Amino acid sequence: MVLAKLLSAAALGTIAVALAWVMALGAFLILAALTGQSLNPDPDWGQLAGGWLTQLIAVLQGAAFGLALLSVPLVIGIWRVLTREVK
């Protein structure tokens, strides 16, 4: 029962994220077409390379925090489902 709920939540979450990515890409393409900007700009690679490690650390910290925010209620909910008395 718990595994079925986890799998369905994972499937719906994956579909929602994929749909959000498609919508964001569509909005980006429409905005780029309306403003006439190039989709392939020439970035300053020297400036981008200096902060990549800082950006990576920030992303990993955000992912760890998000995982903690998701896992604590998940563990509490699974514990409550598995230990409750069937009436």
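Things worth noting here:
- All conditions in (1) part of a helix (DSSP H, G or I); (2) at pLDDT below 90; (3) loosely packed, with under 10 Cβ neighbours inside 10 Å hold for Leu48, with the sole exception of (3).
- Condition check for Leu12 on (1) surrounded by 10 or more Cβ atoms within 10 Å (Cβ to Cβ); (2) closer than 29 Å to Val86 by Cα; (3) of a type in the set (A, V, I, L, M, F, W, C); (4) at pLDDT below 90: one failure, at (4).
- Considering region 51-87, and only residues there that are at pLDDT 90 or above and among the aromatic types (Phe, Trp, Tyr), the residue that is farthest from Ala4 (Cα to Cα) turns out to be Phe65.
The values are calculated or read from the model by the stated rules, or taken from the named source; none is laboratory data. Note that the structure is predicted; figures quoted are calculated from it, not measured. Every residue, glycine among them, receives a Cβ derived from its backbone with ideal geometry; neighbour counts consider all protein chains shown.
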